[in-house]
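Colleague: Starting off with a structure, shown below.
The values are calculated or read from the model by the stated rules, or taken from the named source; none is laboratory data. Everything quoted here is computed from the prediction, not taken from an experiment. Every residue, glycine as well, gets a Cβ built from its backbone with ideal geometry; the counts of neighbours run over all protein chains shown.
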């Protein structure tokens, strides 16, 4: 990784942090549990890394680690979204 | 050809990042929240499909089998889990996400240092170490939190002498190991030791934190999974990982702060642990509380004669599965022209916003649920405050008794209501292990019994009066 790339990536992480701060601080307490489970599913984005790590042909330690990561990350993502949707479906206004 | 493909992949990542951000924004309002979650799913799908287009990704069979298997487990678990078990579920998923990030970084490290003998650049080495450390701490910490919430592990704070010193030494050890990971990359022992050390640290870090503080821990661990994902993004130089990881990292941090404020604790105080240990000393002084009991019939008559009721639900209500009958009670009362509101303490339940979900599940419209700050002034004009399975969040000791462990914690001012009815199984202390002096107040009536059975009887009495 060159110094330039590192700096750009650092910019990205800092700016995204600010966006996160702006987005989340406005969310009402009513939605905190679905928010936690949704962000939990979103953190499963590491599945992208897991796909890259498990992409090689043949078998090696690095690939096995990748497959294990893929397995865990997929459960994280799928379960997180399913459960969030289930919760949000229940939130209804008075008719 | 390959260069164009990579540009397309990056554009897809950009689109995914935008959709993630818009998705989280929509999640912030109840009417659009479901759509927001949908957008976020779409973003994830785009990121996954784009990644599959990378030419280095070849093993589609293995990937397909793993994803299919994990997805079916994921869908099954997500559909079946009870709403009361949501904190455990999220703790478990946090752990999985954290470990996945640690494995991805370890895989990259292993490929470079063990399989292709390229060695590892210092910056990448640092990010691998960070990602393994945070990911593994998140995993083992989440497993302990899961165990505590499930009751597999003792929910009380486990403290021993030299605990913080030991955690500090482990952290220093982690720094030393990461140096060796980079300098002596040919040897695989360092990265494996790092993983083991981080797993141990995660256990030791959560063990001293008492069950009552678990909402904070869950929010904090959620933040860690985001940080771990972002660190993995640095290892792979993958922007979509960095952006989403940072979003989740700050989201968890803000929720953690909100939780701490709601319990009047500093994050440091929560993380260092030991809370929920002092229960026995608090019990001695309040042993002579004189309480007044009230029966089902009498309660129903009380309700029949008033014009406003505020219901304060606690986790005890959810444990007794009394949400549905509580909804019926509120409908019965409203039929009589009585105004009914629900007062929701920010830490009611076992995680942030948990009570709202539990009541939503019972079809109680969310506009009836009022946050603490907005409802506290209303208790003085309310005829009956009905407390069902809540304890610590209505304890006036938080305002009056400086020696109480929860002194300073914002609580619901239920005692200002004309009459307070407490529906409770027994005189046992709450989750935090603290006695409640409210039960001895002159305007407080105790309605003992299982919440579901008791409220069912009250509803029956009310129906009988028609």
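Colleague: Taking residue B:69, is it assigned to a helix (DSSP H, G or I) and closer than 15 Å to residue A:84 by Cβ?
Modeller: no
Colleague: Continuing with the same structure: Read through the list (1) part of a helix (DSSP H, G or I); (2) more than 28 Å from residue B:357 (Cα to Cα), then give the number of the only condition that residue A:1 fails.
Modeller: All conditions pass for residue A:1, except number (1).
Colleague: Only one of (1) buried (at least 19 other Cβ atoms within 10 Å of the Cβ); (2) closer than 20 Å to residue A:19 by Cβ fails for residue B:29. Which number is that?
Modeller: Residue B:29 satisfies all of (1) buried (at least 19 other Cβ atoms within 10 Å of the Cβ); (2) closer than 20 Å to residue A:19 by Cβ except (1).
Colleague: Collect the residues in segment A:10-35 that are more than 7 Å from every other protein chain (Cβ to nearest Cβ) and part of a helix (DSSP H, G or I), keeping them in residue-number order.
Modeller: A:10, A:11, A:14, A:15, A:18, A:22
Colleague: Name the residues in segment B:352-365 that are touching a residue at least 40 places away in the same chain (Cβ under 8 Å) and either within 22 Å of residue B:384 (Cβ to Cβ) or assigned to a loop (DSSP other than H, G, I, E, B) (or both), would you?
Modeller: B:352, B:355, B:358, B:359, B:364
Colleague: I'd like the full set of residues that are surrounded by fewer than 17 Cβ atoms within 10 Å (Cβ to Cβ) and closer than 13 Å to residue A:29 by Cα, limited to segment B:363-380.
Modeller: Result: B:367, B:370, B:371, B:373, B:374.
Colleague: Something else about it: Could you check segment B:87-128 and list, in sequence order, the residues that are facing chain A (nearest Cβ under 8 Å), surrounded by fewer than 19 Cβ atoms within 10 Å (Cβ to Cβ) and farther than 24 Å from residue B:175 by Cα?
Modeller: Listed by number, the list holds a single entry, B:115.
Colleague: Is it the case that some residue within segment B:74-86 is more than 7 Å from chain A (Cβ to nearest Cβ), at pLDDT below 90 and at positive phi?
Modeller: no
Colleague: Going by the structure shown, is residue B:349 within 14 Å of chain A (Cβ to nearest Cβ), part of a loop (DSSP other than H, G, I, E, B), closer than 20 Å to residue B:264 by Cα and in contact with a helix residue (DSSP H, G or I) (Cβ under 9 Å, 6 or more places away or on another chain)?
Modeller: The answer is yes for residue B:349.
Colleague: Quick one: which residue in A:56, A:38 is at the interface with chain B (Cβ under 7 Å from one of its Cβ atoms), closer than 26 Å to residue B:132 by Cα and crowded, with 21+ Cβ neighbours inside 10 Å?
Modeller: Being at the interface with chain B (Cβ under 7 Å from one of its Cβ atoms), closer than 26 Å to residue B:132 by Cα and crowded, with 21+ Cβ neighbours inside 10 Å holds for just one of A:56, A:38, which is A:38.
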